[in-house]
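Trainee: There's a structure below that I have some questions on.
The values are calculated or read from the model by the stated rules, or taken from the named source; none is laboratory data. What you see is a predicted model; the values in this text were computed from it and never measured. Positions of Cβ are generated from backbone atoms using ideal geometry, with glycine treated the same way; all protein chains shown enter the neighbour counts.
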Amino acid sequence: MPTTSEPSVNTSQSPHGGLPQLTAQQPTLSTLGRLRALVKAMRLKQWTKNATLFIAIVFASHLLLVNEFERTALAFFAFCLASSTIYLLNDLLDIEQDRQHPVKCKRPLASGQLPVSWAIGAIVLLVLACAALSLAIFFLPVTKSQDVYASLGGQMFSSHSVCFLTWCLWFCMASG
């Protein structure tokens, strides 16, 4: 549980002269608390936007093709890691402005729950993981994969059959 303290007056002289400085002590968190703050700063709720990558294989009727699904899943996770990297970098660059903002001051970096060193380390690790996932996409073999539905005994879905089924469903609903 975080411990907070009131701002204290630093009695030493500031490097620019005369007046003592008012400094806020940083809250001390356990490692688990810092990890929670890191996950919060990565904004995992925003990852759902990256699910739009799956639209391409859905409309191409390739959702059940293993190779295409693997590549799209790797791209999804690479996009998620890249977006979290940008969120952390933006919070790191805007830390002073965020501390002055009435709402943004509650973000993990601005509030001091997440140390700057942890944010920098996470950015480095996320960039490396994103690069590894991006390379993995290109090193996956490109082979004609079989439809999962077809491997279970069904016939291969084609865009024509999907369009025909959609048209039939629409016609049945429209005719009441």
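Trainee: Could you check how many residues of segment 15-45 are over 15 Å from residue 118 (Cα atoms), part of a loop (DSSP other than H, G, I, E, B) and at pLDDT 85 or above? Please lay out each step first, then the result.
Mentor: Residues of segment 15-45 that are over 15 Å from residue 118 (Cα atoms), as a first pass: 15-25, 43-45.
Among the residues that remain, those that are also part of a loop (DSSP other than H, G, I, E, B) are: 15-16, 24-25, 43.
With the extra rule that they be at pLDDT 85 or above, the set shrinks to 43.
Qualifying residue count, segment 15-45: 1.
Trainee: I need every pair where a residue in segment 47-60 that is farther than 13 Å from residue 72 by Cα has its Cβ under 7 Å from the Cβ of a residue that is of a type in the set (Phe, Trp, Tyr) and part of a helix (DSSP H, G or I), sequence separation at least 6 or different chains.
Mentor: Between residues of segment 47-60 that are farther than 13 Å from residue 72 by Cα and residues that are of a type in the set (Phe, Trp, Tyr) and part of a helix (DSSP H, G or I), there is no close pair.
Trainee: Can you find, within segment 116-162, the residue that is surrounded by the fewest Cβ atoms within 10 Å (Cβ to Cβ) among those that are at pLDDT 90 or above and of a type outside the set (A, V, I, L, M)?
Mentor: 117
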